[in-house]
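The values are calculated or read from the model by the stated rules, or taken from the named source; none is laboratory data. Keep in mind the model is a prediction, meaning the values are calculated, not measured. Here Cβ is always computed from backbone atoms with ideal geometry, including for glycine, and neighbour counts include all displayed protein chains. For the accessible areas, the whole protein counts, side chains as well, though only heavy atoms, and no ligand, DNA or RNA atoms are used. Shrake-Rupley method; radii C 1.70, N 1.55, O 1.52, S 1.80 Å.
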Amino acid sequence: MLRVVVDVMLKPEILDPQGQAILGALPRLGFDGVRQVRQGKHFELEIAEEMSEETVRQIAEMLLANPVIEDFTVRPSTG
């Protein structure tokens, strides 16, 4: 078995209200200096060794991400 990671983030031009809420809360909690926060999703998939990266990308595009408003990356798991 192999493990891969799919990270999904809103495209840069899409408003991120959760990221903005976190950014607004940080100074109130005493954390200064953070200029931007973007919130995303992190998926770890355990896959059969023969599964291609293209198949994983199809899974991400069809199920894990909304390609209209989100970008995704696929990479091997380091953990």
Residue-normalised accessible area of the chain, given per residue in Å² at a 1.4 Å probe: 73 Å²
Contact order normalised by residue count of the chain, Cα under 8 Å, 6+ apart, percent: 52 percent
Protein accessible area in the chain, 1.4 Å probe - carbon and sulfur %: 56 percent
Given Cβ point charges of +1 (Lys, Arg) and -1 (Asp, Glu) and nothing else, what value in debye, to the nearest 20, does the dipole of the range 5-79 about its Cα centre take? 540 debye
With a cut-off of at most 11 other beta carbons within 10 Å, and DSSP calling the residue loop, which chymotrypsin sites (Phe, Trp or Tyr not before Pro) in the range 13-79 qualify? Please list them. F31
Charge dipole of the range 1-59 built from unit charges on the beta carbon (Lys, Arg +1; Asp, Glu -1), centred at mean Cα; most positive-end Cα among G40, I14, S52 is I14
Between A21 and Q36, what is the spin-label point distance in nm, taking each point 7 Å from the Cα along the Cα→C-beta axis? 2.1 nm
Ranked by GNM mean-square fluctuation in the chain (Cα springs under 10 Å), the top entry among P67, P12, P27 is P27
Of the trypsin sites (Lys or Arg not before Pro) in the chain, those whose Cβ has at most 12 other Cβ within 10 Å and which sit in DSSP loop: R35
Amide H partners (placed H, <5 Å) of I47, local residues excluded: L2, R3, V4
Compute the long axis of helix 17-28 from its Cα atoms, compare it with the longest principal axis of the Cα atoms of the chain, and write down the angle in degrees, 0 to 90, nearest 10. 50 degrees
